[in-house]
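See structure below.
The values are calculated or read from the model by the stated rules, or taken from the named source; none is laboratory data. The model shown is predicted, which means the values in this text are computed figures rather than measured ones. Glycine also receives a Cβ, built like all others from the backbone with ideal geometry; neighbour counts cover every protein chain displayed. Please note that ligands, DNA and RNA were not included when accessible areas were found on the heavy atoms of the full protein model with its side chains. Shrake-Rupley method; radii C 1.70, N 1.55, O 1.52, S 1.80 Å.
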Amino acid sequence: TKSTPNLRFDAAGAVVKNEAGVGGRHINYGVREFGMAAIMNGVALHGGFIPYGGTFLTFSDYSRNAIRMAALMKQRVIHVFTHDSIGLGEDGPTHQSIEHVASLRLIPNLDVWRPADTVETAVAWSVALSNRTKPTALALSRQNLQHLSAAAPKRVLGDISRGAYVLSEPADVGIKKKPQAVIIATGSEVQLALKAQRLLADKKIAVRVVSMPSTTTFDREDAKYKSSVLPAGVPRVAVEMGTTDGWWKYGCAAVVGIDTYGESAPAPVLFKHFGFTEENVADTVRAVLQRQR
């Protein structure tokens with residue numbers, strides 16, 4: 001950004017400063033993800049700075065040893081990972097993150113956030129800055145995402161910071177009865193969940209939509225808050241463009257996910273091919289309710 005000039009050195013090894021006498025603070029690492037992550041650990045250990053770095057989510061594989069060390073050493077390091085799903089498109093399966101979010105969630109003492117819009121991203125960043133004894137990984141979308149304020153004009157930032165919250169109730173789409181099912185979604189798929197909720201409302205099926213930007217944060221919450229978000233006895237369907245294994249611990253009756261590698265094609269083509277459409281999510285909810293009759 002304009003506020004982060006590049007770090008440069010002169011022939012004598014001194015930091016080059018601008019007209020205002022300020023040196024740069026952006027390091028150009030190139031394609032060196034492990035070096036970047038390891039150096040950020042060193043910066044954090046030195047103190048005086050909160051280091052953050054950016055690369056594609058799939059390249060977190062190269063950073064993994066250093067990410068794990070940051071978690072082990074309890075250092076505040078922030079990893080900003082982008083291009084977080086098959087929505088990456090034509091670069092194909094080598095670059096499309098399938099198992100990466102799930103595998104990062106398994107690292108002890110690492111907070112992992114996959115926000116759905118600007119507000120959730122801002123909250124995730126705020127939480128990352130407050131994490132003085134742990135690193136944070138943010139998984140951000142390549143696609144432009146719609147602001148969710150229209151869906152939840154009364155969102156409580158404190159609830160978002162707890163990792164999961166009720167984004168939309170049946171009453172928000174004109175259904176005045178208790179939820180018959182809960183759709184849990186993260187990242188770009190939250191918008192998919194909201195569209196499926198409206199489709200189901202047209203069929204008089206009442207659905208609650210829960211946005212869960214951080215499973216690692218939500219898992220640390222008390223039982224009372226968890227049950228207020230995910231009520232007992234109401235079937236749950238999770239939606240995330242990634243491996244499905246981690247979602248079964250929430251008692252889901254079904255998961256709309258992807259347990260294969262992706263393909264090379266435009267994002268909209270891939271979404272339809274792999275079933276990430278509002279129609280398929282709605283059909284999955286209806287199938288779950290049909291089985292439970």
Exercise. Which residue pairs have Cβ atoms closer than 9 Å, lie 6 or more positions apart in sequence or on different chains, and pair a first residue in the range 256-285 that is more than 23 Å from residue 103 (Cβ to Cβ) and assigned by the TED database to the domain that holds residue 96 with a second residue that is at pLDDT 95 or above and not in a helix (DSSP H, G or I)?
Worked result: none
Exercise. Among the residues of the range 186-200 satisfying the criterion of being closer than 25 Å to residue 217 by Cα and among the hydrophobic types (A, V, I, L, M, F, W, C), which is nearest to the chain's Cα centre (by Cα)?
Worked result: 190
Exercise. Does residue 131 satisfy the criteria of being more than 30 Å from residue 92 (Cα to Cα), open to solvent by 50 Å² or more (accessible area, probe 1.4 Å), under 18 Å from the mean Cα position of the chain (by Cα) and modelled with pLDDT of 95 or more?
Worked result: no
For this session: Those residues that are buried (at least 20 other Cβ atoms within 10 Å of the Cβ) and not in a loop (DSSP other than H, G, I, E, B), I need them from the range 86-120; list them, please.
Result: 86, 87, 88, 100, 101, 104, 111, 112, 113, 120
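Restricting attention to the range 250-258, does a residue exist that is closer than 30 Å to residue 229 by Cβ, surrounded by fewer than 16 Cβ atoms within 10 Å (Cβ to Cβ) and either polar (S, T, N, Q) or more than 21 Å from the chain's Cα centre (by Cα) (or both)?
Residues of the range 250-258 that are closer than 30 Å to residue 229 by Cβ, as a first pass: 250-258.
Checking which are surrounded by fewer than 16 Cβ atoms within 10 Å (Cβ to Cβ) leaves us with 251.
After this cut, where a residue has to be either polar (S, T, N, Q) or more than 21 Å from the chain's Cα centre (by Cα) (or both) as well, the list is none.
So far as the range 250-258 goes, no, none of its residues is closer than 30 Å to residue 229 by Cβ, surrounded by fewer than 16 Cβ atoms within 10 Å (Cβ to Cβ) and either polar (S, T, N, Q) or more than 21 Å from the chain's Cα centre (by Cα) (or both).
Somewhere in the range 18-34, is a residue aromatic (Phe, Trp, Tyr), open to solvent by 70 Å² or more (accessible area, probe 1.4 Å) and without any contact (Cβ under 8 Å) to a residue 12 or more places away in the chain?
Filtering the range 18-34 down to residues aromatic (Phe, Trp, Tyr) leaves 29, 34.
Going one step further and asking which of them are open to solvent by 70 Å² or more (accessible area, probe 1.4 Å), we end up with 34.
Filter once more, so that each one left must be without any contact (Cβ under 8 Å) to a residue 12 or more places away in the chain: none.
No, every residue in the range 18-34 fails to be aromatic (Phe, Trp, Tyr), open to solvent by 70 Å² or more (accessible area, probe 1.4 Å) and without any contact (Cβ under 8 Å) to a residue 12 or more places away in the chain.
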Problem set entry | Search result, residues across the range 37-65 that are surrounded by 22 or more Cβ atoms within 10 Å (Cβ to Cβ) and more than 30 Å from residue 256 (Cβ to Cβ) | 37, 40, 51
Problem set entry | Unique match (being in a helix (DSSP H, G or I) and within 18 Å of residue 116 (Cα to Cα)) among 287, 193, 282 | 193
Problem set entry | Residue among 138, 199 that is in contact with a helix residue (DSSP H, G or I) (Cβ under 8 Å, 6 or more places away or on another chain), outside any loop (DSSP other than H, G, I, E, B) and more than 15 Å from residue 117 (Cβ to Cβ) | 199
